[in-house]
Amino acid sequence: MTGEDRQRTIDFILEQQAQFAVNIEVLRAAQAETDKTVQGLAVQVAQIAEQLQQNSRQLQQNSRQQQHINEVVAVIADAQQHTDERLNALIDVVRQGQNGKA
């Protein structure tokens, strides 16, 4: 191998090392950007999880309120039925009274 060949080989190796160094810096920058993105996603996932928990608590509260409303409606319906029965009894008494006087 001549001195010129040796120098070309050395120059080639140095160019390769320089290119590797540049590539490593590019990868480091890309990794830093990826890390930022992952951190942002982690924050968003935590926010979504908190929102889901809040929604779940709200649904449970709504369910309890709906159950209470259903109970109140049932009481009102029962009271309405008793009122209807008493009103019907009163109507019967009034009709009987009218039939007796006619």
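Report whether or not Glu4 is surrounded by 10 or more Cβ atoms within 10 Å (Cβ to Cβ) and among the acidic types (Asp, Glu). Steps first, please.
On the way: surrounded by 10 or more Cβ atoms within 10 Å (Cβ to Cβ): no; among the acidic types (Asp, Glu): yes.
The answer is no for Glu4.
Determine whether Glu33 is modelled with pLDDT under 95 and either among the charged types (D, E, K, R) or assigned to a helix (DSSP H, G or I) (or both).
Judged against the criteria, Glu33 is not a match.
Of the residues Gln98, Gln19, which single one is part of a helix (DSSP H, G or I), exposed (fewer than 10 other Cβ atoms within 10 Å of the Cβ) and without any contact (Cβ under 8 Å) to a residue 60 or more places away in the chain?
Working: Gln19 fails: exposed (fewer than 10 other Cβ atoms within 10 Å of the Cβ).
Going through Gln98, Gln19 in turn, just one is part of a helix (DSSP H, G or I), exposed (fewer than 10 other Cβ atoms within 10 Å of the Cβ) and without any contact (Cβ under 8 Å) to a residue 60 or more places away in the chain: Gln98.
One line per residue, one yes/no per condition, for (1) at pLDDT below 95; (2) within 35 Å of the chain's Cα centre (by Cα):
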| site | (1), (2) |
| --- | --- |
| Met1 | yes, no |
| Arg6 | yes, no |
| Val22 | no, no |
| Asn55 | no, yes |
| Gln61 | no, yes |
| Gln67 | no, yes |
| Val75 | no, no |
| Gly100 | yes, no |
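The values are calculated or read from the model by the stated rules, or taken from the named source; none is laboratory data. If you're wondering where the values come from, they're calculated on a predicted model, not measured in any experiment. All Cβ positions, glycine included, derive from the backbone under ideal geometry; neighbour counts span all protein chains shown.
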